[in-house]
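Every number in this text was worked out from the coordinates using simple rules, so none of it is lab data. This structure is a prediction, so every number in the text was calculated from the model and none was measured. When we count neighbours, we look across all protein chains shown, and the Cβ atoms used for this are built from the backbone with ideal geometry, even at glycine.
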Amino acid sequence: MSKVAIVYWSGTGNTEAMAKAIEEGAKGAGGDVSLFEVESFKASSVPDYDGLIFGCPAMGDEVLEEGSFEPLFTDAEKSLSGKPVALFGSYGWGGGAWMESWAERTRGDGAKLFSDGLIVENAPGDAELADCRQLGENFVKSL
Ligand SMILES: Cc1cc2nc3c(=O)[nH]c(=O)nc-3n(C[C@H](O)[C@H](O)[C@H](O)COP(=O)(O)O)c2cc1C
């Protein structure tokens, strides 16, 4: 059974709702899935997982949340080479520029990036939650 960590930061719950739907899909596909708010995940445990799914909304000016997610991700990057990784997050008005640079950065780390990042404008509705479940399912099936 593939071991998957979903690690996210969410200020107002939109990215969290995505994370929970991704978890549901990943579990439904038979993954051994753990969901972590970023504060409870240790970057040193990245090698323990077959795949990682990171979630963070667009913050600042098209960047990752800088207080806790950015430092964690910076640490995690040291171990991402060769790892299957998927990215997701919610945004407000920027059209997804933060995700484009995050995906580029993650490819640059040598991670096996699973498609482009999944982005949702503000709160996910039913269709977007279905996309999230699908991402979780497809990611686990790809491992
Ligand atoms: C301080 C702050 C900065 C933000 N910066 C951006 C931004 O640069 N681009 C964008 O599209 N949305 C931006 N947003 C909007 C959030 O990405 C959006 O509200 C998102 O749904 C929040 O997700 P969450 O509920 O998981 O925290 C910002 C929101 C806040 C509070």
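All but one of (1) within 15 Å of the chain's Cα centre (by Cα); (2) surrounded by fewer than 24 Cβ atoms within 10 Å (Cβ to Cβ) hold for residue 69; state the number of the condition that does not hold.
Of everything listed in (1) within 15 Å of the chain's Cα centre (by Cα); (2) surrounded by fewer than 24 Cβ atoms within 10 Å (Cβ to Cβ), residue 69 misses just condition (2).
Using beta carbons and a limit of 9 Å, which pairs, at least six apart or on different chains, have the first residue in the stretch 56-72 and under 17 Å from residue 13 (Cα atoms) and the second one of a type in the set (Val, Ile, Thr) and within 10 Å of the ligand (Cβ to nearest atom)?
56/15; 57/12; 57/15; 58/119
Within the stretch 89-143, can you find the residues that are under 14 Å from residue 63 (Cβ atoms), aliphatic (A, V, I, L, M) and surrounded by 15 or more Cβ atoms within 10 Å (Cβ to Cβ)?
Selection gives 99, 103.
Out of 11, 31, 25, I need the residue that is closer than 17 Å to residue 123 by Cβ and either away from the ligand (no atom under 16 Å from the Cβ) or surrounded by fewer than 16 Cβ atoms within 10 Å (Cβ to Cβ) (or both). Which one?
11
Looking at (1) within 16 Å of the ligand (Cβ to nearest atom); (2) within 20 Å of residue 134 (Cβ to Cβ); (3) under 11 Å from the mean Cα position of the chain (by Cα), find the lone condition where residue 91 falls short.
Looking at each condition in turn, residue 91 falls short on (3).
Residue by residue through the stretch 30-49, note down the ones that are outside any helix (DSSP H, G or I) and either over 13 Å from residue 86 (Cβ atoms) or touching a Pro at 6+ places or on another chain (Cβ under 7 Å) (or both).
30, 32, 34, 35, 36, 37, 41, 42, listed by residue number.
Are any residues in the stretch 101-143 of a type in the set (Val, Ile, Thr) and within 16 Å of the ligand (Cβ to nearest atom), and if so, which ones?
Within the stretch 101-143, 119, 120 meet the criteria.
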